[in-house]
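The values are calculated or read from the model by the stated rules, or taken from the named source; none is laboratory data. Everything numeric in this text was worked out from a predicted model, so none of it was measured. Glycine gets a Cβ as well: all are built from the backbone with ideal geometry, and neighbour counts include every protein chain shown.
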């Protein structure tokens with residue numbers, strides 16, 4: 001991994017009182033420049049480490065005001081401190097294809113349709129595991145055990161999370177996957193370690209997709225995954241995903257102070 005722009009690590013002499021969001025760039029092993037950002041909660045204590053949420057589609061954090069949501073829940077005492085590490089998606093179109101890089105990099109079933117797309121998927125999943133997560137752990141005060149890591153993704157990035165969990169069940173303990181639309185795990189066998197999932201979808205998703213969600217949940221359970229699943233009233237909706245994310249924060253990180 002070659003560091004392009006160094007984000008300030010948490011090494012200040014004075015403890016910050018306000019939350020912050022810091023952006024960075026990395027050049028991955030394939031030479032691709034990757035971008036991301038890290039949310040640091042308010043009132044962090046020097047020398048303490050915090051649980052972390054690894055968020056694919058990280059630009060959604062900025063576009064949908066996730067920082068304001070977490071700040072608000074923290075200020076009213078509904079949640080304790082948590083760090084959110086955002087990996088930014090590439091929305092530009094792949095030359096020669098009617099697809100964005102995001103589609104090929106996130107969805108294994110799409111990547112399998114062409115050797116060029118397969119390389120993009122492989123490069124990205126390797127980056128996420130071998131470079132993005134280690135970079136966050138090196139530069140920010142996050143807890144490093146599997147049990148203290150959460151994955152969060154929506155739509156295609158939720159598909160990526162499900163695939164990642166099947167390939168690397170020892171990396172992350174819990175996956176929040178909202179409205180995954182293209183997951184195909186037929187080639188994967190039993191999970192070698194315990195992994196839990198929080199999977200939800202909208203009642204107004206496309207009909208074909210709605211039939212697909214319960215089958216996906218059943219398939220994950222068949223492989224040993226522990227799944228909590230539910231449907232919300234709505235469609236493929238960022239607003240509902242943001243609301244549900246807030247509910248999950250309160251469930252998973254209640255303020256114990």
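Miscellaneous remarks
- Of all residues in segment 224-253, those that are over 17 Å from residue 62 (Cα atoms), part of a loop (DSSP other than H, G, I, E, B) and at pLDDT below 95 total 4.
- Tally, over segment 162-183, of residues that are without any contact (Cβ under 8 Å) to a residue 40 or more places away in the chain and closer than 18 Å to residue 218 by Cβ: 3
- Filtered residues of segment 136-159 (kept if closer than 14 Å to residue 171 by Cα and part of a loop (DSSP other than H, G, I, E, B)): 143, 144, 145
- Qualifying residue in segment 206-223 (condition: out of contact with any helix residue (DSSP H, G or I) (no Cβ under 8 Å at 6 or more places or on another chain), part of a loop (DSSP other than H, G, I, E, B), over 13 Å from residue 236 (Cβ atoms) and in contact (Cβ under 8 Å) with a residue 12 or more places away in the chain): no
- Number of positions in segment 147-172 that are farther than 17 Å from residue 125 by Cα and crowded, with 16+ Cβ neighbours inside 10 Å: 1
- Applying the condition of being in contact with a strand residue (DSSP E or B) (Cβ under 7 Å, 6 or more places away or on another chain) and over 18 Å from residue 151 (Cβ atoms) to segment 186-209 and asking which residue is surrounded by the most Cβ atoms within 10 Å (Cβ to Cβ) yields 202.
- Meets criteria (more than 23 Å from residue 18 (Cα to Cα) and either out of contact with any strand residue (DSSP E or B) (no Cβ under 9 Å at 6 or more places or on another chain) or modelled with pLDDT of 95 or more (or both)) for residue 75: no
- Among residues of segment 1-58 being at positive phi and out of contact with any helix residue (DSSP H, G or I) (no Cβ under 9 Å at 6 or more places or on another chain), the one that is modelled with the lowest pLDDT is 31.
- Condition broken by residue 256, with the remaining ones in (1) over 22 Å from residue 87 (Cα atoms); (2) touching a residue at least 12 places away in the same chain (Cβ under 8 Å); (3) surrounded by fewer than 22 Cβ atoms within 10 Å (Cβ to Cβ); (4) under 19 Å from the mean Cα position of the chain (by Cα) satisfied: (4)
- Taken as a whole, the condition of being crowded, with 20+ Cβ neighbours inside 10 Å, in contact with a helix residue (DSSP H, G or I) (Cβ under 6 Å, 6 or more places away or on another chain) and part of a loop (DSSP other than H, G, I, E, B) applies to residue 183.
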